[in-house]
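Right, one structure below, let's go through it.
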Amino acid sequence: MKVIVLGAGIVGVTSAYQLAKAGHEVTVVDRQPGPALETSFANAGEVSFGYCSPWAAPGIPMKAMKWLFMKHAPLILRPKLDMAMLSWMARMLSNCTSERYAINKSRMLRLADYSRIALADLRAETGIAYDERMQGTLQLFRTEQQLDASAKDVKALAADGIPYEVLDRDGCIRFEPALRHVRDKIVGGLLTPKDETGDCFKFTNALAAKAEALGVRFAYGTTIKALDVEAGQVRGVITDRERMSAEAVVVALGSYSPLLLEPLGIRLPVYPVKGYSLTIPITDASRAPESTVMDETYKIAITRLGDRIRVGGMAEISGYTNDLGLARRSTLEHSVTDLFPGGDISRASFWSGLRPMTPDGTPVIGGTKIAGLFLNTGHGTLGWTMSTGSARLIADLVSGGQPEIDAKDLAISRYG
C-alpha cells in the first residue's frame, strides 16, 4: 500500500522503516528540516526495558502535593483554564490505584520487552552505532523508605519475568564505581540489567538513512494541515505544499497528535508533559556513570553517552510551551553534581522537549474508527524504549497481519 507516516521522531522513523520492510510505499512528513529534532533530540538516553512504570501510581497524589513545595521538584504544575489539561489530570488521578497500576505496568513491560528483542534484531541487521551500552539501569535510593517502596516494582518485574536485582550500598558501588565518592548519600538500589543506553538522535538519523535506502521518501519542512477523510476512509494528508494521497496514514506526532485528530471526532487523551535535559562533556571518566543511574528522589536520569553525560528528567505540566526555565536547569545540576561531583557543568547544553503522555502511561497503538487511519503515539518518557516494538506492531496492523504480542489493549478503544 501507499502509506504516509506523520512525524519524523524516533517513533515515526522506526515505523516507516518497518513499513518499508513489509513492502509498502512509505512517505514520512515532518515540519522540521530533519529527523529527531523535537522530543527525540536530547532525551535522557535511557532504553529502559525493565525500568518502566506508569507515572500514575498509588501514593502519587500525596507525593505530588509535597513535590509542589520542593525547591528541586520532579513535578512542576502550571495550571491554566485548559479543558484538555484538566481532563487529562483527572484521568491520570483515576489511574493512581493499585489495581490500575498493576494493569498499566504489565502492559508497559510487555511492550518494552518486545522492544528489547526488536532493537536487538534491528541493531544486528543494520549495524547502526549510536553510543550504545548494554549495562543496565540502577534506580538509586537515598532513603530506606524509597527502598521499601520499590517492593511493588519488584513484584511487577517478577510477575512478568523481567530480570532484576535489589542492591545494598556496596552493591550499587560495585555497579557504578563513581558512587564511592558519595556512598553516605545512598542506601541501595534496584538494578534492571537488561536495560540499555544510547543517543536517540544519532539512532534516529542513522535509521532514517537506512529507511531512505529502502525507498522511504522524507518530506521535511512540510506542515501538516489536516487529514483527508472521505466516507469514513482516510484518503491522504493535506499539507502546506500539496495534497498527498495514501491508502493508510500512521499518526506519530507525539504531543501534537490530538490536535490533528480532534476535528475528526477522535478524542485522544495525550497531553504534553515537558522534560528537560543537560548534556555535559566528560572531563574525568572515573567520576562519571558507566550506564544509567536514576535518582529516585528527583526522578532524574544520569546517563553515559560516549564522551558525554546526559542528565534528563522532571515533569512540567504547562501546555504546549517549550521555554527553558533556569530553575529547571538548577534541579538537573543539583542532582548530577550531588551524585557525580567533579564535572564541568559550565560547558553543559540545556534543552527541553514535550513528552506525549497518556493518563495511564501506556502508548496508543492501533487502528481508529476511520478506516486506514492508525495511531502510534503517547509513549511519554518511553518513546526511545518502546519505539522498535511499537514499529513492528504498527507495521503488522497496517499490513493486516497478526502481531507477535497482544496489542488489543493498546488501542484507543480502551478509553471507551
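Heavy-atom accessible area for S346, with the other protein chains in place and a 1.4 Å probe, reaches approximately 100 Å². Here is the size of the range 40-104 from its Cα atoms: Rg then Dmax, 13.9, 37 Å.
Quick check on the chain: helices-only [θ] at 222 nm, where DSSP H runs of length 4 and up contribute -39,500 (n - 2.57) each and the sum goes over total residues. Nearest 500, please.
Details: 11 runs with 133 residues, N = 416.
After summing the helix terms and dividing by the residues of the chain, the value is -10000 deg cm²/dmol.
DSSP finds beta bridges in the chain, and of those with both partners inside it, around 70 percent are antiparallel. For the chain, a Kirkwood hydrodynamic radius built from all Cα pairs, placed in the Stokes-Einstein relation at 20 °C and 1.002 mPa s, yields a translational diffusion coefficient of 100 µm²/s. Couplings 3J(HN,Hα) for the range 325-333, derived from phi with the Karplus relation 6.51 cos²θ - 1.76 cosθ + 1.60 (θ = phi - 60°), are x, 5, 5, 5, 4, 4, 5, 4, 5 Hz, where x marks Gly and Pro. Candidate cross-link partners of K299 among the lysines, defined by an alpha-carbon separation under 29 Å and a same-chain spacing of 8 or more, comprise K63, K66, K71, K80, K105, K152, K155, K185, K194, K202, K274.
Taking other residues whose beta carbon is less than 10 angstrom from the beta carbon of K225, and scoring Lys, Arg as +1 and Asp, Glu as -1, yields 0.
Against the main long axis of the alpha-carbon atoms of the chain, helix 200-213 sits at an angle near 30°.
In summary, the aspartates and glutamates within cross-link reach of K21, defined as a Cα separation below 18 angstrom excluding same-chain residues under 8 places away, comprise D121, E125, E212, E247, D396, E404.
Here the range 41-164 is treated as a sphere whose radius is the Kirkwood value from Cα pairs; by Stokes-Einstein at 10 °C and 1.306 mPa s it diffuses with a coefficient of 93 µm²/s. Within the range 245-334, the proportion of Cα pairs with more than 16 Å between them is 65 percent. Size descriptors for the range 291-416 (Cα atoms only): Rg and Dmax, in that order, 18.4, 56 Å. Of the chymotrypsin sites (Phe, Trp or Tyr not before Pro) found in the range 24-108, the ones in coil according to DSSP and having at most 14 other Cβ atoms within 10 Å of their Cβ are F69. Against the criterion of solvent-accessible heavy-atom surface with a 1.4 angstrom probe, T283, T297 sort, most first, into T283, T297.
Quick check: residue separation of Q32 and T283 times 0.36 nm, minus the Cα distance between them. What number comes out in nm?
Residue separation times 0.36 nm, minus the Cα-Cα distance, leaves 87.1 nm.
Annotation: per residue accessible area for the chain equals 39 Å², rounded to a whole number [probe 1.4 Å, protein chains only]. Each label was represented as a point 7 Å from its Cα along the Cα-to-Cβ direction; for L68 and N322 these points are 2.8 nm apart.
Using a 1.4 Å probe on the protein heavy atoms, what percent of the accessible area of the chain belongs to carbon and sulfur? Accessible surface attributable to carbon and sulfur in the chain totals 53 percent. In sequence order, the range 107-116 has phi-based couplings of 4, 5, 5, 4, 5, 5, 5, 5, 5, 4 Hz under the Karplus curve 6.51 cos²θ - 1.76 cosθ + 1.60, θ = phi - 60°, and Gly or Pro positions carry x. Any chance you could give the angle, 0 to 90 degrees and rounded to 10, that helix 383-399 forms with the longest Cα principal axis of the chain? In the chain, helix 383-399 runs at an angle near 20 degrees to the longest axis.
For the range 321-362, the extents of the C-alpha atoms along the principal axes are 38, 22, 14 Å, listed from largest to smallest. Scaled against 2.2 N^0.38 Å for its residue count N, the alpha carbon radius of gyration of the range 1-86 is 1.56.
The values are calculated or read from the model by the stated rules, or taken from the named source; none is laboratory data. Predicted, not measured: the structure shown is a model, and the values here were computed from it. Neighbour counts are summed over all protein chains in view; Cβ atoms, including those assigned to glycine, are modelled from backbone coordinates with ideal geometry. For accessibility, only protein heavy atoms count, side chains too; no ligands or nucleic acids. Shrake-Rupley method; radii C 1.70, N 1.55, O 1.52, S 1.80 Å.
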